[in-house]
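Before any comments, here is the structure.
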Amino acid sequence: MGDALLIVLLGLPMTLLVTVLAFTIGLIGGIPLMLGLRSRTRAVRLACRFAVDLIRGVPPIVWLFLLYFGITIGAFRLDSLSAAVWGLGIISSAYLAEIYRGGFATLPSGQAEASAALGLGRTVTITRVLAPQALRTSLPSIATYLLSLLKDSSIASTIGVADMVFNATMFARQNPTTAGIVPFFIAAAVYLVISIPVAITARRLDTRLRRTH
Amino acid sequence: MNVPLITEANELAIAGVDISNLSKRFGDNLVLDDISMRVKPGSVTALIGPSGSGKSTLLRCVNLLETPDGGSITVGSQTIRAGERVKDKDLLALRRQVGMVFQSFNLFPHFTVLRNVAFPQERILGRSREEAEARARVLLERVGLAEKADQHPGKCSGGQQQRIAIVRALALNPRVMLFDEPTSALDPEVGVEVLTVMRELADAGMTMIVVTHEMQFARDVSDHLVVMADGRIIEEGDPAEIMANPGEDRTRRFLSAVLER
């Protein structure tokens, strides 16, 4: 039991690393994709829509396999951590772009009009008037996505990233008679311990932002 | 509210508006049909007419929130012709001359009242934050809302929000002010607060175009009344005269419908 706990916990930094890096890529990468989805040029809109639907239409585990086993240029091959981080990061970009877009879509058209009528340019209107409001409305969805990404990061174990699930699996295999499902219970508990505070913080932040609105 | 809204003489550089042969379509629907109208510098023009008559669209063409399909608009010395590409620089120059107040206020909910009034000044006039906020406080004081400066617009009543919206536009020293049904979303007793501010602005000599259903305001404050129906101007002239003696049947029906409410 003690050994199982230790081994699973040794995978925690890797779980967090994959989650945080992929989420960061998604937070940033979602911005240009969202702008593309809202572009005034039809071709750009269609291209971004196609990319987002393509990325979201294929299971993450398949993307990771494609990236990890599929990209070989000469002797070059992505290592498992890079494949997991970039794969989940790109997937996050698509989901977050859609969440951002939804945030903008709920804003009353009067906001952009008032900004234009005042003489504020397009960039200032987006960055200072619309984005802060859109971000507030999307915050709960962004937090929900972070939580699902934390759990989905476990599929990185399938391409050999030594996260909690990877370690739990290894431990179970190495101790087939004694371990049982204990390592997986431990992993489940650790995921819960991380998720719940994130969920609570997100809810608090959301209520606070709603109050100032 | 005895202090006039605009006292700085040099800031009151007013402009006139000239609209000629303006047309606008939404799909197959001709919403503005060959509209020509002249607004003298420093005058107040009231635009009235049944809903769907095109009065809001006409107003929104003046600052190019809607792009006209034909004709031209001149504000001060700047002329915009339909069909010609408007450069961003010219668009911003036009909007700098023209302030607009909306039916639904459209204050920025994530900013405090003070920031709502100061932020556009910083961006558009290049004022420092201190300068912009000082100016904002003076203007808020003049419409009786100094104590609201540090609150968010959500905490203000509709009448207060609309007065803040007027101040936000005025802080940029516009040369023409457009009002798109500024009191239609307000209870009558609250609407009065807003109309009082608009009256002061008119007295101070601002050029104003006002889309409204407030007949008393149109009669007492405006210099010129324009009646629209089906995308056309059906009648225009002295407000009191038209109201007492409408020349068109459509005008008569519209006026009696509004006045009976």
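The values are calculated or read from the model by the stated rules, or taken from the named source; none is laboratory data. None of the values given here were measured: they were computed from a predicted structure. Methodologically, a virtual Cβ is constructed for each residue, glycine included, from the backbone with ideal geometry; neighbour enumeration extends over all protein chains shown.
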query = How about region A:1-101: which helices (runs of 4 or more DSSP H) wholly inside it have at least 1 residues that are of a type in the set (D, E, K, R) and within 30 Å of A:Gln133 (Cβ to Cβ)?
reply = A:42-57
task = Please enumerate the residues belonging to region A:149-196 that are outside any helix (DSSP H, G or I) and either of a type outside the set (Gly, Ala, Ser) or touching a residue at least 60 places away in the same chain (Cβ under 8 Å) (or both).
result = A:Gly160, A:Val161, A:Ala162, A:Asp163, A:Asn175, A:Pro176, A:Thr177, A:Thr178, A:Ala179, A:Ile181
ask   = Across region B:226-256, which residue is surrounded by the fewest Cβ atoms within 10 Å (Cβ to Cβ) among those that are within 10 Å of B:Pro50 (Cα to Cα) and within 24 Å of the chain's Cα centre (by Cα)?
value = B:Asp230
inquiry  = of a type outside the set (Ser, Thr, Tyr) and out of contact with any Ser or Thr (no Cβ under 8 Å at 6 or more places or on another chain): is that true of B:Gly191 in this structure?
reply    = no
request  = Could you figure out which of (1) in contact (Cβ under 8 Å) with a residue 40 or more places away in the chain; (2) part of a helix (DSSP H, G or I) isn't true of B:Ser104?
outcome  = (2)
message = If the requirement is being within 26 Å of A:Ala97 (Cβ to Cβ), touching a Lys or Arg at 6+ places or on another chain (Cβ under 6 Å) and in a helix (DSSP H, G or I), which of these qualifies: A:Leu209, A:Leu205, A:Leu146, A:Leu130?
response = A:Leu209
request  = Could you give me the residue pairs with C-beta distances under 8 Å whose first residue belongs to region B:229-250 and is at positive phi, whose second residue is among the aliphatic types (A, V, I, L, M) wherever it lies, and which are 6+ apart or on separate chains?
outcome  = B:Gly231/B:Leu30; B:Gly231/B:Val31; B:Gly231/B:Leu32; B:Gly231/B:Ile35; B:Gly237/B:Leu225
task = Could you tell me whether A:Arg136 is within 14 Å of chain B (Cβ to nearest Cβ), out of contact with any strand residue (DSSP E or B) (no Cβ under 6 Å at 6 or more places or on another chain) and in a helix (DSSP H, G or I)?
result = yes
Region B:118-134: number of residues that are buried (at least 21 other Cβ atoms within 10 Å of the Cβ) and not aromatic (Phe, Trp, Tyr) = 4
query = Out of all the residues in region B:39-75, which are within 14 Å of another protein chain (Cβ to nearest Cβ), surrounded by fewer than 16 Cβ atoms within 10 Å (Cβ to Cβ) and among the basic types (Lys, Arg)?
reply = none
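Residue-wise test of (1) modelled with pLDDT of 95 or more; (2) buried (at least 21 other Cβ atoms within 10 Å of the Cβ); (3) of a type in the set (S, T, N, Q); (4) in a loop (DSSP other than H, G, I, E, B).
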site: B:Gln151; (1), (2), (3), (4): yes, no, yes, yes
site: B:Arg163; (1), (2), (3), (4): yes, yes, no, no
site: B:Asn173; (1), (2), (3), (4): no, no, yes, yes
site: B:Pro182; (1), (2), (3), (4): yes, yes, no, yes
inquiry  = I need a count of the residues in region B:76-96 that are more than 9 Å from chain A (Cβ to nearest Cβ) and either more than 25 Å from B:Arg25 (Cβ to Cβ) or out of contact with any Pro (no Cβ under 7 Å at 6 or more places or on another chain) (or both).
reply    = 13
task = List every residue pair whose Cβ atoms sit under 9 Å apart, with the two residues 6 or more apart in sequence or on different chains, where the first one lies in region B:140-154 and is free of Cβ contacts under 8 Å to residues at least 12 places away in the same chain and among the hydroxyl-bearing types (Ser, Thr, Tyr) and the second, anywhere, is crowded, with 19+ Cβ neighbours inside 10 Å and assigned to a helix (DSSP H, G or I).
result = none
task = Out of the residues in region A:104-127 that are outside any helix (DSSP H, G or I) and more than 8 Å from chain B (Cβ to nearest Cβ), state the one that is farthest from A:Ala199 (Cα to Cα).
result = A:Leu107
request  = Would you be able to tell me the number of residues in region B:106-131 that are closer than 16 Å to B:Leu65 by Cα and either of a type in the set (Gly, Ala, Ser) or more than 7 Å from every other protein chain (Cβ to nearest Cβ) (or both)?
outcome  = 0
Residue within region B:184-194 that is surrounded by 22 or more Cβ atoms within 10 Å (Cβ to Cβ) and either in contact (Cβ under 8 Å) with a residue 60 or more places away in the chain or of a type in the set (Phe, Trp, Tyr) (or both) present = no
query = Looking at region B:175-195, which of its residues are under 29 Å from B:Thr74 (Cβ atoms) and not β-branched (Val, Ile, Thr)?
reply = B:Arg175, B:Met177, B:Leu178, B:Phe179, B:Asp180, B:Glu181, B:Pro182, B:Ser184, B:Leu195
